[in-house]
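Following: one structure in structure tokens, then a few remarks.
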Amino acid sequence: MALPVFRTFRARLMLRWTLAVGLLLGLANFGVYAGARVYLYRWLDNNVRTLAATEAASSTDGVGDVHLHEAPFSQFDSGAFAEKFVQIFDGEGQLVLQSTGLEGLPAAIAPEVVKDAFAGHAPLVSATIGGRQARVAVLTASRDGRAYAVAVGLFADDVAAGLASLAWLLVVIWVASVGATAAIGYALASRALAPVARITERAAWIAQGHFGDRLDAPQVDDEVGRMTVLLNSMLDRMQGAVEANRRFASDASHELRGPLTAMAGELDVALRHPRSADSYEDTLRHVRGRLSALTRLAEDLILLVRTQEGTREVMLREVDLASLVNDAFQRLEAPALARGVTLGHSGLDGVHVYADPALMARVVDNVLANAVHYNRENGWVQVTARVEEPAAGTWESPIVQIDVTDTGPGIPADQQERVFERFFRLDQSRARRTGGSGLGLAICREVIALHNGTIRVGASSAGGTTVEIRMPGRGADIMEMDPGTSERQETGHEKVV
């Protein structure tokens, strides 16, 4: 469980920063200490070798027997000096002579080391003299045909004391540095997180219901600034979604309230006074017609919601575009004849789209129904298609573009996107007469998006409008493959999405 003091992100950031810097400083101090230790002992060994060479040469100079050169350390009143000691061994390894101050002490080196020196080596070993650590070098010398081993050493007290002082100094530096790092890290974390704290406060204010407010514009284009811009963009989209849902709820309730109120009024009038059977039948027919409109509206709402949420199961297969359009023409024949609108198509033979047949039929019906209902008298509707092949060497499907062109009055430029919104109508009076709910194109956009396609107003003017649909498919020039080898066949192979 985290300690209470480290529950804030600022404290945890400071802690991690301090631990990281402390670890790096600790490793650096350890490296400094290890390097200093190696250097100092190497320096001590070099001095021991130098003194050993000098002492070995001078112990047999002049006349007489082998002798020592005692250092007059007692003449120094103050100041530091390196204490040297000497022990001389004969050919049998017996100690024959040693420095003053070593009386009563055993040999500083083992007999094996003396033998090693007589064997022609120059051993350099560590030794303990009177409880003090020392480094000892052993060389050989001869006098009057007799061989001697001269062991010369320096005490390592000063080196050990210097290393201990260095260790304490590095520890103090490490503690002070870690403390300073913690303070600086906390200050930097506080300063770095200050914009985040302001964003949090502002977001809390917006979350209380002030959806029109936004985060303060960033002063610097850094990570926090870009996050602020993205959050403001997200808030704009969220506000748009909230407002769209509010409009949807308001429009849906209005669309439902109208037919329900009309049915209730007709039934109240029918029940107020006795009527003939024909009159009751006429009233029931009116109510039945309004119920049918309500049923279609409910079905449209259910389809729209399921499509938006992705809960509508989609059975993808190759669908012949010409058959879809011809079937839609048959269903729209009566309203088209009533207004003198001519229906036609070209370039659809052999063109297939990869779609759910029922959903794609709904899209074609909705788009063509709009083209007929919002057309001029004695106008025409033309459906054309073309196939865009993918670049060579790619595995992408061709794109089928379907253009539905009418001779209606056109759609203003500022409303060409709004026609795909739920319950939006350009001509409210005509929509009421034709029974439109304002959901047709909204359903088309959601269904086409579910099929990885797009739908938009490609062109519109006073002379007519073209609705452009683009989605995966294939053209007539693609050869069918053997059965079972591809999903791109007209053999009824299905794929659930």
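Mind telling me which of the residues 337, 348, 343 ends up being modelled with pLDDT of 90 or more, more than 36 Å from the chain's Cα centre (by Cα) and assigned to a helix (DSSP H, G or I)?
Details: 348 fails: assigned to a helix (DSSP H, G or I); 343 fails: assigned to a helix (DSSP H, G or I).
None of the others qualify; the one that does is 337.
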Considering only residues of segment 373-387 that are of a type in the set (A, V, I, L, M) and buried (at least 20 other Cβ atoms within 10 Å of the Cβ), which is farthest from residue 464 (Cα to Cα)? 385
If we scan segment 385-394, do we find a residue that is in the same structural domain as residue 317 (by TED's automatic domain parsing), part of a loop (DSSP other than H, G, I, E, B) and at positive phi? yes
Yes or no: segment 248-261 includes at least one residue that is surrounded by 15 or more Cβ atoms within 10 Å (Cβ to Cβ) and among the β-branched types (Val, Ile, Thr). no
Looking only at segment 398-412, decide whether some residue is among the hydrophobic types (A, V, I, L, M, F, W, C), in contact with a Phe, Trp or Tyr (Cβ under 8 Å, 6 or more places away or on another chain) and under 25 Å from residue 424 (Cβ atoms). no
Among (1) under 30 Å from residue 86 (Cβ atoms); (2) assigned to a loop (DSSP other than H, G, I, E, B), the one test that residue 214 misses: (1)
Residues located in segment 8-26, provided they are closer than 15 Å to residue 180 by Cβ and of a type in the set (Ser, Thr, Tyr): 18
Report yes if residue 113 is in contact with a Lys or Arg (Cβ under 8 Å, 6 or more places away or on another chain) and outside any loop (DSSP other than H, G, I, E, B), otherwise no. no
Hits in segment 374-409 - residues which are under 18 Å from residue 448 (Cβ atoms) and either hydrophobic (A, V, I, L, M, F, W, C) or free of Cβ contacts under 8 Å to residues at least 24 places away in the same chain (or both): 383, 385, 387, 388, 396, 399, 400, 402, 404
Among all residue pairs at least 6 apart or on different chains, which show Cβ distances below 8 Å where the first residue, located in segment 171-183, is assigned to a helix (DSSP H, G or I) and the second is surrounded by fewer than 16 Cβ atoms within 10 Å (Cβ to Cβ) and not polar (S, T, N, Q)? 174/26
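The values are calculated or read from the model by the stated rules, or taken from the named source; none is laboratory data. Being a predicted model, the structure only gives us computed values, none of them experimental. Note: ideal-geometry Cβ built from the backbone for every residue, glycine included; neighbour counts use all protein chains shown.
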